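*Asks:* Starting off with a structure, shown below.
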Amino acid sequence: MANSKYEYVKSFEVEDEVMLPNLIVVRIEGCNFDGFADIHDLEKANDEKALALMNSCAAAVLEEYPDIVFSYGFNDEYSFVFKRKTKFYQRRASKIMSLIVSFFSSVYATKWKEFFPHKEMKCPLSFLARVVCCASLEVLQAYLAWRQNECHIRNLHNTCLWMLIKSGKSAKEAVEVLEGTQKQEKNELLFQQFGINYRMLPEMFRQGSCIFMTQAEDVVKHNEHGIPIKRMRRKPRMIHNEQIAGRNFWNGQQYLLTELGPFENDIKKIKAEYIKSFLFENKLMPSTWIVIRIDGCHFHRFSEVHEFEKPNDQQALNLMNSCAVAVLEEFKDIVFSYGVSDEYSFVLSKDSKLHQRQASQIVSVIVSFFSSAYVMKWKDFFPFKELKYTPSFDGRAVCYPSTEILRDYLAWRQVDCHINNQYNTCFWMLVKSGKSKSEAQSHLKGTQTREKNELLIRQFNIDYNTLPVMFRQGSSVFRMKEEDSMMPENVTPTEVKQNIIVDHSNIIEDSFWKEHPSILC
Ligand code: GTP
Ligand code: MG
């Protein structure tokens, strides 16, 4: 990133490395999944296809991230367990958590039509995610036992609830019938009223699903005599088991023994203090501006594979902006956002109570919503280009204690946009004119803004200041409030939706903020 006088704002970012010997687990769960299930008319209490889609996304996560060795999921949630000494992204919690939830959400949106060919995915689904640190294998064992126990309790409850509702009771009446009932009573209710033997329901509903990697022999090609050539390959394998945290199951899987180790004993009772630690979440400081910055993962490659125009692809940037508009429509607490290249910064109001200011919840819900929207909107912006693989974004939350520092943060990003864009414009013009990439690089080494502008004019007859303003200044997305002055004269808003506008003003100077006094009030 380029140097500027605003660089100091980086010091507000906090370290969040998960120290060894803690084991890293990332748990994700659908945010407002009930609403999503209603909109898409999913089967109650369990929708087999929706569960299969969750399992398929989890398998894709395991294939994408080799450091994840085990996963367990039910309903709208999944937990991913990393190998003992993983060095994945230097064990940075927010990075790891956001990448996984982003990738999962993108895959979910991509695979939807495979599982629901006759149902359109009507809105992006976002997931809440958190990192759970397990100080030892025994704690991990307790974690898994706790999740599987939840699966059982919730499934039994939901099965009863929906049978009662389907038999004619209102939701309120059904809840009243079940209030205070124990497992045994629920089992009896199902059997006596509906002739259902709970134990005969599908294992996937009752026990959840485990997916982990195994080594399997695979035919890679055939030799000239038609004889198959086999190689050992990592392959995700799905298992349903009643006791995933039991010694019998766990210690029987060679792969888990190697990557994580054996369970010494069976768990009798899950310690309350462990559960408390699984539920712990960091809260962001009150009365500070929260910025969630998301950034495309390996977008250098993504833009090559999808043949984005260099250095700026208008449609790719429009797609990013459109996703940002969708994010602002969804999250009313976001007052402003600024985007450039493959990144976007979302500013939440100082007094926002979104997800009780819990850092990982806010980051995950925004990054996963954005990722899902990116996949869903792709064809609107690239009708003739296939999305070749699922993109993912990482995310972080940073608090800025004053409006002045927040503005310096935004200025930092816009200065970065300017410096990078100017460099890239020169670089690609030199390359397009016949120089090799390394020649272009050494040509530009140590040049200042003025020299680069001169180079563009002299060699290519390009006046840098006449290039599209979106390329030079990035994009701001915000709500136009009535009390603010009307659109500034020097910018053309490219999208107007529910009063949310995309513009490309200079946000470093005071004039922008004077024209829009209510944004950061
Ligand atoms: P990580 O973020 O560290 O995972 O790597 P990254 O490859 O995403 O790089 P970074 O975020 O630092 O920079 C974004 C990269 O995305 C740029 O270097 C470009 O290669 C690419 N990119 C973003 N926008 C465009 C575009 O409009 N056109 C083209 N051709 N490339 C783009
Ligand atoms: Mg990136």
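The values are calculated or read from the model by the stated rules, or taken from the named source; none is laboratory data. For clarity, every value in this text was computed on a predicted model and none was experimentally measured. All Cβ positions, even for glycine, are placed from backbone atoms using ideal geometry, and neighbour counts span all protein chains on display. Areas reflect the complete protein model, heavy atoms only, side chains present, ligands, DNA and RNA absent. Shrake-Rupley method; radii C 1.70, N 1.55, O 1.52, S 1.80 Å.
*Asks:* Ignoring any ligand, DNA or RNA, what whole percent of the accessible area of the chain comes from carbon and sulfur when the probe is 1.4 angstrom?
*Replies:* The value for the chain is 50 percent carbon and sulfur by accessible area.
*Asks:* So, one more: Counting only heavy atoms of the protein chains, get the accessible area per residue of the chain (1.4 Å probe) and round it to a whole Å² value.
*Replies:* The answer is 49 Å² per residue.
*Asks:* Once you wrap a convex hull around the alpha carbon atoms of the stretch 151-292, what is its projected area averaged over all directions, in nm²?
*Replies:* That works out to 17.5 nm², a quarter of the Cα hull's surface.
*Asks:* Next up: P(r) for the stretch 62-134: what percent of alpha-carbon pairs falls in each 10 Å bin, starting at zero?
*Replies:* 16, 49, 25, 9, 1
*Asks:* Heavy atoms only, 1.4 Å probe, whole protein assembly: order Thr214, Thr258 by accessible area, highest first.
*Replies:* Numbers: Thr214 30, Thr258 95 Å².
Accessible-area ranking of Thr214, Thr258, largest first: Thr258, Thr214.
*Asks:* Further, regarding this structure: Could you sort 434-440, 30-36, 288-294 so that the peptide with the highest average Cβ count within 10 Å comes first and the rest follow in order?
*Replies:* Result, highest mean first: 288-294, 30-36, 434-440.
*Asks:* Could I ask something else about it? Loop only per DSSP, at most 15 neighbouring Cβ atoms within 10 Å: give me the chymotrypsin sites (Phe, Trp or Tyr not before Pro) in the stretch 126-174, ordered by residue number.
*Replies:* Within the stretch 126-174, no chymotrypsin sites (Phe, Trp or Tyr not before Pro) qualify (loop, at most 15 other Cβ atoms within 10 Å).
*Asks:* Write out the trypsin sites (Lys or Arg not before Pro) in the stretch 4-105 meeting two conditions: DSSP loop, and at most 13 other Cβ atoms within 10 Å of their Cβ.
*Replies:* Listed in order of number, the matching sites are Lys5, Lys85, Lys87.
*Asks:* Report, in listed order, any pair from Lys332/Lys353; Lys95/Lys388; Lys310/Lys385 with a Cα-Cα distance greater than 21 Å.
*Replies:* Lys95/Lys388
*Asks:* While we're looking at this one, here's another question. Per the Kirkwood definition applied to all pairs of different Cα atoms, how many angstroms is the hydrodynamic radius of the stretch 279-435?
*Replies:* 16.8 Å
*Asks:* Another one. State, to one decimal in nm, how far the label point of Glu150 lies from the label point of Arg199, with both points 7 Å from Cα in the Cβ direction.
*Replies:* Placing both labels 7 Å beyond Cα along the Cβ direction yields 2.7 nm.
*Asks:* What accessible area, in Å² to the nearest ten, does a 1.4 Å probe give for Arg130?
*Replies:* Surface accessible to solvent at Arg130 totals approximately 30 Å².
*Asks:* If you don't mind, another one. Percent of Cα-Cα pairs per 5 Å bin, from 0 to the last occupied bin, for the stretch 421-479, please list those.
*Replies:* 4, 18, 28, 22, 14, 7, 4, 3, 1
*Asks:* While we're looking at this one, here's another question. Taking every pair of alpha-carbon atoms in the stretch 170-234, give the share separated by more than 13 Å as a whole percent.
*Replies:* It works out to 78 percent of all Cα pairs.
*Asks:* To two decimal places, what compactness ratio does the stretch 57-212 give when its Cα radius of gyration is scaled by 2.2 N^0.38 Å?
*Replies:* After normalising by residue count via 2.2 N^0.38 Å, the value is 1.25.
*Asks:* Right, another one. Over 19 Å, how big is the tail of the calculated P(r) for the stretch 19-116, in percent of all Cα pairs? Show your work: numbers first, answer last.
*Replies:* Details: 1969 of 4753 pairs.
Of all Cα-Cα distances in the stretch 19-116, 41 percent exceed 19 Å.
*Asks:* While we're on this one: So between Glu509 and Glu173, what do we pick up on full extension, going 0.36 nm a residue minus the alpha carbon distance? Could the numbers behind the result be given before it?
*Replies:* On the way: separation 336, 0.36 × 336 = 120.96 nm, distance 5.98 nm.
Net length gain for the segment: 115.0 nm.
*Asks:* Counting only the heavy atoms of the protein chains, how much of Thr466 is accessible to a 1.4 Å probe, in Å² to the nearest 10?
*Replies:* That residue has around 100 Å² of solvent-accessible surface.
*Asks:* Compute the normalised compactness of the stretch 35-74: alpha-carbon radius of gyration over 2.2 N^0.38 Å, N being the residue count.
*Replies:* Values: Rg = 12.6 Å, N = 40, 2.2 N^0.38 = 8.9 Å.
It is 1.41.
*Asks:* Only helical DSSP H runs with n ≥ 4 go in: add -39500 (n - 2.57) per run for the chain, normalise by residue count and round the 222 nm mean residue ellipticity to 500 deg cm²/dmol.
*Replies:* For the chain, the value works out to -14000 deg cm²/dmol.
*Asks:* What do you get when you divide the Cα radius of gyration of the chain by 2.2 N^0.38 Å, with N the number of residues?
*Replies:* Relative to the 2.2 N^0.38 Å estimate, the chain comes out at 1.10.
*Asks:* Using the alpha-carbon centroid of each, what span in Å lies between the stretch 69-122 and the stretch 222-298?
*Replies:* 11 Å
*Asks:* Of all the Cα-Cα pairs you can form in the stretch 343-399, what percent are over 16 Å apart?
*Replies:* More than 16 Å apart: 51 percent of the Cα pairs in the stretch 343-399.
*Asks:* Pairs of alpha-carbon atoms within less than 8 angstrom and 6+ residues apart define the contacts here; what relative contact order does the chain have, in percent?
*Replies:* RCO, the chain: 18 percent.
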